[in-house]
Amino acid sequence: MKKAKTKVARIENRYIKDTATMNKTRSRRRIALFRRLAFMAIIFAVVGGLLTITYTQQVLSLKDKKEKQVEVDKKMVATKDEEEALNNQIKKLHDDDYIAKLARSEYYLSKDGEIIFNIPEENSKQKE
């Protein structure tokens, strides 16, 4: 069905013009408000994304550094143990009796009139 065209004339008075102008102004303000809000939302999203990326990178970097610190701590403990063993060896090397015993066992040196017998150890038999 077609609408019937009416030939009713609009009244052009001051109130109608002011209302139309006010409606146009409100429409423009709404559009401007929407644009400002959209722009701010985009800015907040970008800033939030950058902060999230930065935070994630820092967390991963911190995790890697903690793993490296654990490894370095293990190496430090091993090095301290080795240092302690070497210090003990140094103290032993200052003792003349230890040096004599070491020379006899490793270099087969003997005192005058002493005979050295070489006895195989049980560990060497198991290896064979």
Hey, Tyr55 in a helix (DSSP H, G or I), touching a Lys or Arg at 6+ places or on another chain (Cβ under 7 Å) and on the phi < 0 side of the Ramachandran plot or not: no
Report whether or not Thr79 is in a loop (DSSP other than H, G, I, E, B) and either in contact with a strand residue (DSSP E or B) (Cβ under 9 Å, 6 or more places away or on another chain) or of a type in the set (S, T, N, Q) (or both). no
Neighbours by Cβ (under 7 Å, 6+ apart or cross-chain): first from the range 16-28, in contact (Cβ under 8 Å) with a residue 12 or more places away in the chain; second polar (S, T, N, Q) and surrounded by fewer than 10 Cβ atoms within 10 Å (Cβ to Cβ): none
Identify, from the list Asn87, Asn118, the residue that is without any contact (Cβ under 8 Å) to a residue 40 or more places away in the chain, of a type in the set (S, T, N, Q) and part of a helix (DSSP H, G or I). Asn87
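Just so you know, all these numbers are worked out from the coordinates, no wet-lab data involved. Worth saying up front: this structure is predicted, and the values here are computed from it rather than measured. Because the Cβ atoms are built from the backbone with ideal geometry, glycine has one as well, and the counts that use them run over all protein chains shown.
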